[in-house]
Amino acid sequence: MKKEDRKLFSHRFHEESIFVHTTDEDLNPWDRTRIVAVLVNETGIDYQLADKISEEIQATVFSSGIRVVTSELVRELVNAKLIEYRFEKARERNKRLGLSLHDVDGLLRFSAVPRPGPVPSPAGTGAVISDVLKRQFALSEIYPAHLHRMHLEGRFHIHGLSTPDRPWKVYLNALDLLQFSYAGEGLILEKPTGISRFLINVKRLNALLSGFVGYGVHWTGLEDALLKLGAAEEELPHLCAELVQAVLLSGPGVYNGAFRGFHFLRPDVIHAVTLRMAEEKLLNAFITTDGENWFPSPFLVLNNRVPKETTYVLEAISLNLPGLAIRSILEDTTPEAELKHLMTKVLAVFARKRLFLEKVSAVRPGGPLDLLNHLGFNPTLASSVVAVCGLNEWTRVLLDGDMDEGPDRFTGADAFLSGIRNRISEESKRGKIKLLLGTADQGEAAYRFARLDLKFQPFYASRVLNGEIRDGAVYYTHDAALPSDKPLDIKKKVEIEGTFQRKFDLPFRTIIKTRDPEQMPLSHFTKTLRHLLLTQDFSICYNCFTMESGVYQTCPKCHSTEVSTYSSGDGGYECELGQTKTKGMENIRFFFY
């Protein structure tokens with residue numbers, strides 16, 4: 001460029017010029033036509049109005065004396081103008097997602113991982129921020145205002161808000177991997193012709209799937225797959241133990257790693273795997289098996305309802321049953337009428353999630369869900385889970401806060417749960433969407449429901465919720481459990497929960513904490529319950545690295561006070577030091593000794 005030509009453009013870079021600092025860390029001279037283009041393209045308003053708004057914003061910026069403005073500030077000014085002109089829908093489409101500087105500073109310095117889990121690390125902060133952005137996107141873009149408002153009001157809880165771009169859970173049958181090969185960017189999985197290649201594929205896939213599935217990956221069929229590849233029966237215990245150890249050690253370890261579960265059916269395999277987990281202190285997963293193969297172990301879960309075929313779950317929604325009962329009283333209707341209206345909205349949420357995942361999975365090849373597409377993921381055929389929260393408090397609301405242990409309480413709860421079961425079955429038979437009555441990690445939902453009901457309907461909620469109101473640690477009972485403040489015979493408790501579990505496609509888990517498993521009437525439990533975890537607390541010494549069953553303040557071997565207690569949670573054992581007060585109170589109250 002000639003010297004005289006350079007002078008023509010030099011005025012754009014004088015000190016008094018105004019520049020815009022963009023989100024991609026670029027610096028551009030002020031140009032109000034960019035505002036016009038964004039308004040027309042992103043909000044759909046007409047050109048004349050967009051041009052007028054850009055002129056008004058330009059006048060504001062020029063009169064402010066600012067020399068460098070950020071694109072965030074420009075967008076805020078645009079949104080303010082859209083509100084002024086009463087273009088609320090256009091403002092919604094134009095708004096920016098994110099956290100304040102104060103919130104990010106707090107996350108970076110004080111709370112890399114604000115929930116119990118593996119070793120905290122700075123990488124966990126990025127995952128937290130990503131979750132916040134995705135939750136904001138889901139509530140703004142995927143679900144319309146009338147649906148996301150019901151979530152915010154606590155009518156129901158959408159569990160996959162932080163993972164709107166992936167299914168919530170998968171039960172993956174390892175037999176499907178025998179004919180599976182995949183080549184993607186940076187990943188090549190060859191079709192397994194031998195045991196070693198199969199084990200490598202499983203380890204790689206498990207590490208990858210935590211980024212493709214929101215809540216959990218549950219492996220089934222590993223024994224049959226190894227046998228088909230030529231493994232001998234006597235080799236299975238060692239191979240499965242090695243595989244589980246390798247998978248748990250290679251999986252995600254910073255934040256929001258998907259829950260890992262493994263379903264085995266051979267007793268010798270189960271013994272070998274649970275022994276390895278105890279020896280190597282592998283606390284971040286559970287082994288499940290059918291009732292006939294179950295034995296007392298803090299790592300072994302009795303579960304008679306694990307899907308045998310590969311099954312994807314799109315989303316899970318928990319219904320606020322106490323809030324539903326309160327609303328039926330205030331509206332002078334019946335709980336059944338409120339349930340009918342609520343289920344209509346729940347189905348709409350599932351349909352929206354399915355539609356969005358269909359758009360994401362349609363990006364081929366090399367799209368965000370390309371790996372799942374090769375593993376048979378089809379949003380149209382996937383299931384969705386309806387969970388219930390607070391059946392115990394539902395009965396108490398209708399009984400005017402009473403904890404009566406008479407037959408009316410259990411009969412009424414059983415009848416209402418049967419009504420939910422029948423409605424789910426009817427909707428599934430219509431063929432529009434496959435629904436399952438199941439369970440979900442309700443720690444957040446149980447707290448949100450109780451807190452919101454206490455805020456808006458304190459007269460009813462304060463009489464039935466659990467926890468300490470003065471500390472803000474309030475919650476409802478998870479799933480369909482019916483705990484009691486009065487001593488209740490454990491056999492009767494098991495019979496009641498067994499009755500409710502039979503109504504679930506994916507039953508909730510009954511947890512029994514004991515330090516002496518041999519004294520428990522285990523045969524009665526295995527005959528009655530379909531999902532059972534017999535668990536113990538562990539204390540781990542950080543000085544001599546000893547893990548002992550029980551709760552200790554000092555190590556029984558080296559007498560160090562650097563001891564932490566671990567108790568079972570939804571994704572394995574969790575350190576009690578990292579638990580919120582609400583979580584800790586749940587564990588204290590609702591385990592049965």
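The values are calculated or read from the model by the stated rules, or taken from the named source; none is laboratory data. Being a predicted model, the structure only gives us computed values, none of them experimental. Virtual Cβ from ideal backbone geometry, glycine too; neighbours counted across all protein chains shown.
What the table shows:
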| read-out | value |
| --- | --- |
| Selection from the stretch 175-192 of residues that are in contact (Cβ under 8 Å) with a residue 24 or more places away in the chain and either outside the structural domain of Gly261 (by TED's automatic domain parsing) or in a loop (DSSP other than H, G, I, E, B) (or both) | Phe180, Glu185, Pro192 |
| Close pairs (6 angstrom Cβ cut-off, 6 or more residues apart or separate chains): among the aliphatic types (A, V, I, L, M) in the stretch 139-159, part of a loop (DSSP other than H, G, I, E, B) and buried (at least 19 other Cβ atoms within 10 Å of the Cβ) anywhere | Ile142/Pro164 |
| Residue count, the stretch 317-345 (criterion: β-branched (Val, Ile, Thr) and either under 21 Å from the mean Cα position of the chain (by Cα) or under 20 Å from Lys432 (Cα atoms) (or both)) | 2 |
| Spans of helices (runs of 4 or more DSSP H) in the stretch 67-132 with at least 2 residues at pLDDT 75 or above and crowded, with 17+ Cβ neighbours inside 10 Å | 71-84 |
| Residue in the stretch 444-482 that is surrounded by the most Cβ atoms within 10 Å (Cβ to Cβ), counting only those that are of a type in the set (S, T, N, Q) and farther than 25 Å from Phe500 by Cα | Gln457 |
| Subset of the stretch 43-59 (residues that are over 18 Å from Val20 (Cα atoms), hydrophobic (A, V, I, L, M, F, W, C) and part of a helix (DSSP H, G or I)) | Leu49, Ala50 |
| Test for Asp414: is it acidic (Asp, Glu) and crowded, with 20+ Cβ neighbours inside 10 Å | no |
| Any hit, the stretch 378-386, residues being within 19 Å of Phe156 (Cβ to Cβ) and not aliphatic (A, V, I, L, M) | yes |
| Count - residues of the stretch 550-568 that are of a type outside the set (A, V, I, L, M), assigned to a strand (DSSP E or B) and in contact with a strand residue (DSSP E or B) (Cβ under 6 Å, 6 or more places away or on another chain) | 4 |
| Among the candidates Leu577, Leu482, residue that is in a loop (DSSP other than H, G, I, E, B) and modelled with pLDDT under 75 | Leu482 |
| Some residue of the stretch 199-214 being closer than 30 Å to Leu436 by Cβ, of a type in the set (Ser, Thr, Tyr) and part of a strand (DSSP E or B) | no |
| Residues within the stretch 543-559 that are of a type in the set (Ser, Thr, Tyr) and in contact with a Ser or Thr (Cβ under 7 Å, 6 or more places away or on another chain), tallied | 2 |
